[in-house]
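Take a look at the structure below.
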Amino acid sequence: MKLSGGVEWSLHCCVVLSQSRSPVPTARLADLHGVSKTYLAKHLRALARADLVQPTEGRDGGYVLTRSAAKITVLDVVQAVDGTEPAFRCTEIRQQGLLAAPPEQCLSICGIAKVMATAEKAYRAELASVTIADLAATLDLTALGEKLAQP
């Protein structure tokens with residue numbers, strides 16, 4: 001499975017937001033990660049639509065998590081950015097072309113579709129088992145706190 005670059009950026013932003021005591025502006029998040037502010041803003045909007053982050057207005061505006069980092073999973077972020085569609089879509093190719101099987105021989109799920117669905121289920125379960133808080137625990141939070149405190 002190939003995930004968009006926006007997933008990585010969004011995960012890093014959620015980790016930063018989990019450690020901040022105040023809203024973090026898009027420009028600051030972009031600077032912290034050395035990424036495009038415009039492109040990052042698009043992904044922050046996707047996170048907001050999924051109710052994972054909330055924009056705040058005003059002079060000190062920015063983004064905050066909508067709930068505890070322990071309640072936001074990696075799967076939540078992946079789905080917010082890349083969508084919820086399965087990675088594999090069976091087109092019933094076994095019923096097409098020179099090797100086409102008649103419909104009465106295709107009443108059960110195709111072996112290829114079955115293995116892909118099983119893999120997707122395992123993949124999603126693994127992503128759902130890791131939270132933003134778990135990811136934050138793997139980072140040097142002292143350095144992150146120092147960078148967040150800088151203007």
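Side notes on the structure shown:
- Close pairs (9 angstrom Cβ cut-off, 6 or more residues apart or separate chains): under 30 Å from residue 44 (Cβ atoms) in the range 82-100, open to solvent by less than 60 Å² (accessible area, probe 1.4 Å) and β-branched (Val, Ile, Thr) anywhere: 82/7
- Residue-level check: of (1) farther than 29 Å from residue 16 by Cβ; (2) of a type in the set (A, V, I, L, M, F, W, C); (3) open to solvent by less than 50 Å² (accessible area, probe 1.4 Å); (4) in a helix (DSSP H, G or I), residue 116 misses just (3).
- Residue in the range 76-87 that is surrounded by the most Cβ atoms within 10 Å (Cβ to Cβ), counting only those that are among the small types (Gly, Ala, Ser) and either touching a strand residue (DSSP E or B) at 6+ places or on another chain (Cβ under 8 Å) or in a loop (DSSP other than H, G, I, E, B) (or both): 87
- Among residues of the range 1-45, those that are out of contact with any Leu (no Cβ under 9 Å at 6 or more places or on another chain) and within 25 Å of residue 88 (Cα to Cα), counted: 8
- So residue 133, is it in contact (Cβ under 8 Å) with a residue 40 or more places away in the chain, within 21 Å of residue 47 (Cα to Cα) and either exposed (fewer than 13 other Cβ atoms within 10 Å of the Cβ) or out of contact with any Phe, Trp or Tyr (no Cβ under 8 Å at 6 or more places or on another chain) (or both): yes
- In the range 101-113, residue farthest from residue 48 (Cα to Cα) [restricted to those that are in contact (Cβ under 8 Å) with a residue 12 or more places away in the chain and not in a loop (DSSP other than H, G, I, E, B)]: 112
The values are calculated or read from the model by the stated rules, or taken from the named source; none is laboratory data. Given the structure is predicted, the values throughout are model-derived calculations rather than measurements. Note: ideal-geometry Cβ built from the backbone for every residue, glycine included; neighbour counts use all protein chains shown. Areas reflect the complete protein model, heavy atoms only, side chains present, ligands, DNA and RNA absent. Shrake-Rupley method; radii C 1.70, N 1.55, O 1.52, S 1.80 Å.
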